[in-house]
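Derivation of every value follows stated rules applied to the coordinates shown; laboratory data play no part. Note that this is a predicted model, so its numbers are computed, not measured. Cβ: placed from backbone, ideal geometry, glycine included. Neighbour counts: every protein chain shown.
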Amino acid sequence: METTNTIRIPKPSRELVAFIERAQRQKKERMKKICDKYRKLTNG
Amino acid sequence: MESIETIIPDNEGNHLVIVLSFYDDNDKTGTFQIPQEFVELDIADISIDKLHIDLPLNLSAFFKMCQWLIDQFSIFPNAVFSFICSTDPLETHHSAMASEQYRWNLFENLYQRNIPKLTEMGIESGDRVKGYNCRNRRVSDIRTRVLSDKTCSRYPPGYPTSHQ
């Protein structure tokens, strides 16, 4: 059963690339803080 | 940005950390250009990390993660979920495969395993958007899931949330 549609964007706009890169950066920063918190909790 | 977090042990010393980050109204109307009348729509980005990067992770943690995510899909039936695949390097036994492709294959396989449960919940389709950045040949993927159109409040009474 096909449940997934794929939309390919061979030449994404600068805005889309900038948005994804910014989102990845922010995500990485958020996750670093959260993982640090849990590392302290699980090691403590 | 409001978020929901969980930590899932693999019972072998490592954990998976999973976070749902709900975009705020400014992101929705600004970045996503969603019309004001749909601003109540919840959009949540899924983040997944190993707690200890240098330790292996038992696959059972991924299976538990899928069940936790399915529970969240059920709790927030009117939400859109996205997962932005990381392009960071990753050590695997498949050196010929790009890190993002390895991650994509892993999550695609987990998704395929759970299609029966998702179908039972009324998930009609999943759309994938792939953007290829030709200059440095990186691939960025966004996957969104649009769930059924039942209405629900963002956080049911007593549901644990955190604010960052």
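Of note:
- Legend: mean number of C-beta atoms from other chains within 10 angstrom of residue C-beta atoms, peptide B:45-51, equals 4.
- A DSSP coil position with no more than 15 other Cβ atoms inside 10 Å describes the following GluC sites (Glu not before Pro) in segment B:1-82: B:Glu12, B:Glu40.
- Extension gain (nm, one decimal) between B:Asp88 and B:Cys66, 0.36 nm per residue minus Cα-Cα: 5.7 nm
- With each label modelled as a point 7 angstrom along the Cα→C-beta vector, the B:Asn26-B:Ile75 pair spans 2.6 nm.
- Whole-angstrom gap from segment B:83-98 to segment B:7-23, using each part's C-alpha centre: 19
- Protection-proxy order for peptides B:14-23, B:80-89, each taking the mean of Cβ atoms within 10 Å per residue, highest first: B:14-23, B:80-89
- The stretch between B:Met97 and B:Lys50, if pulled fully straight at 0.36 nm per residue, gains 14.9 nm over its current Cα-Cα span.
- Since only B:Ile18, B:Thr31, B:Met65 are under comparison, the one whose Cα sits farthest along the positive direction of the charge dipole of segment B:1-94, derived from C-beta charges on Lys, Arg, Asp and Glu, is B:Met65.
- Amide H contacts under 5 Å for B:Asp42, placed H, 5+ residues apart: B:Val80
- Estimated from the Cβ-Cβ distance and a Förster radius of 45 angstrom, the FRET efficiency linking A:Arg22 and B:Asn11 is about 0.80.
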